[in-house]
């Protein structure tokens, strides 16, 4: 059974509803063999959306060392956390070298948190100028924005620029916390953006909740929202295989099931969203 696909907003590209996140074992250094096995296994199982970020330790290099002839099989994404044009372009050239590719399918403004970030990114000499230039030169096909701290900040970004995609948290803690689901997704839909969900398993902390029902309800909840796909970082091959199996068997969650899971998570939502190990 293949992993279902959905269209990534106005890009017109069809992506698997499950993508390989850039964290987990990929956000490390010195695990080249394990990372290569994990990436190859994900592609062998049919995942065609792979993400990384300049900030994710050796993640980009793991992809660059592994993909080689498989680059054409996937929609490859990365991110820059630089807020100025010069810094972002420096990041992009480092990313392209590390990932051993001539272009990115999607390059994203990474982790926008504050109003000061917004003003710097979109001001004179700001990072967005680098993103526009990179697209004009064919170094990136599409431009996205990411954030998981404040829905109002990501809304402000979307209002300032015609981004192709947005990466945001999608999990049952969101509706009782600062809800990207309610505050950002509708606007992104209006603008025909690709909507990519992250933190599906509450940063891996879902198992801390008493009466934990397993991972399947969280994945079903996320994919039952108005998203193009979700990305999940994995620690090992077993997690990749489990997530792919869940994605292949996905069935939409009813509104009643969603409310039940939200209620189950609600007493722990704030603690989990702010948890620091």
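Of the residues in the range 112-130, none is within 14 Å of residue 51 (Cβ to Cβ), buried (at least 18 other Cβ atoms within 10 Å of the Cβ) and under 18 Å from the mean Cα position of the chain (by Cα). Residue check: is residue 173 at pLDDT below 95 and out of contact with any strand residue (DSSP E or B) (no Cβ under 7 Å at 6 or more places or on another chain)? It is true that residue 173 is at pLDDT below 95 and out of contact with any strand residue (DSSP E or B) (no Cβ under 7 Å at 6 or more places or on another chain). Filter the range 44-78 for residues that are in contact with a strand residue (DSSP E or B) (Cβ under 6 Å, 6 or more places away or on another chain), in a loop (DSSP other than H, G, I, E, B) and more than 21 Å from residue 135 (Cβ to Cβ) and give the result. The answer is 47, 48, 56.
For residue 172, the conditions (1) crowded, with 18+ Cβ neighbours inside 10 Å; (2) under 16 Å from the mean Cα position of the chain (by Cα) are fulfilled apart from (2). Looking across the range 24-53, the residues that are within 23 Å of residue 168 (Cα to Cα), without any contact (Cβ under 8 Å) to a residue 60 or more places away in the chain and surrounded by 20 or more Cβ atoms within 10 Å (Cβ to Cβ) come down to 39, 48, 50, 52, 53. Would you call residue 180 in contact with a strand residue (DSSP E or B) (Cβ under 8 Å, 6 or more places away or on another chain) and either farther than 29 Å from residue 272 by Cβ or surrounded by fewer than 19 Cβ atoms within 10 Å (Cβ to Cβ) (or both)? Spelling it out, it is not the case that residue 180 is in contact with a strand residue (DSSP E or B) (Cβ under 8 Å, 6 or more places away or on another chain) and either farther than 29 Å from residue 272 by Cβ or surrounded by fewer than 19 Cβ atoms within 10 Å (Cβ to Cβ) (or both). Residues that are within 24 Å of residue 8 (Cα to Cα) and either surrounded by 22 or more Cβ atoms within 10 Å (Cβ to Cβ) or touching a residue at least 12 places away in the same chain (Cβ under 8 Å) (or both) within the range 65-74 comprise 67, 70, 71, 73, 74, listed in sequence order. Screening 206, 247, 222 for residues that are crowded, with 19+ Cβ neighbours inside 10 Å, modelled with pLDDT under 90 and within 24 Å of residue 45 (Cβ to Cβ) leaves exactly one candidate, 206. The criterion of at least 1 residues that are within 30 Å of residue 260 (Cβ to Cβ) is met, among helices (runs of 4 or more DSSP H) falling completely within the range 88-199, by 151-160, 180-183, 185-190. Taking the range 219-277 as the region of interest, the helices (runs of 4 or more DSSP H) fully inside it that hold 2 or more residues being more than 19 Å from the chain's Cα centre (by Cα) and more than 25 Å from residue 182 (Cα to Cα) are 237-248.
The values are calculated or read from the model by the stated rules, or taken from the named source; none is laboratory data. Being a predicted model, the structure only gives us computed values, none of them experimental. No Cβ is skipped: glycine too gets one built from the backbone with ideal geometry, and neighbour counts run over all protein chains shown.
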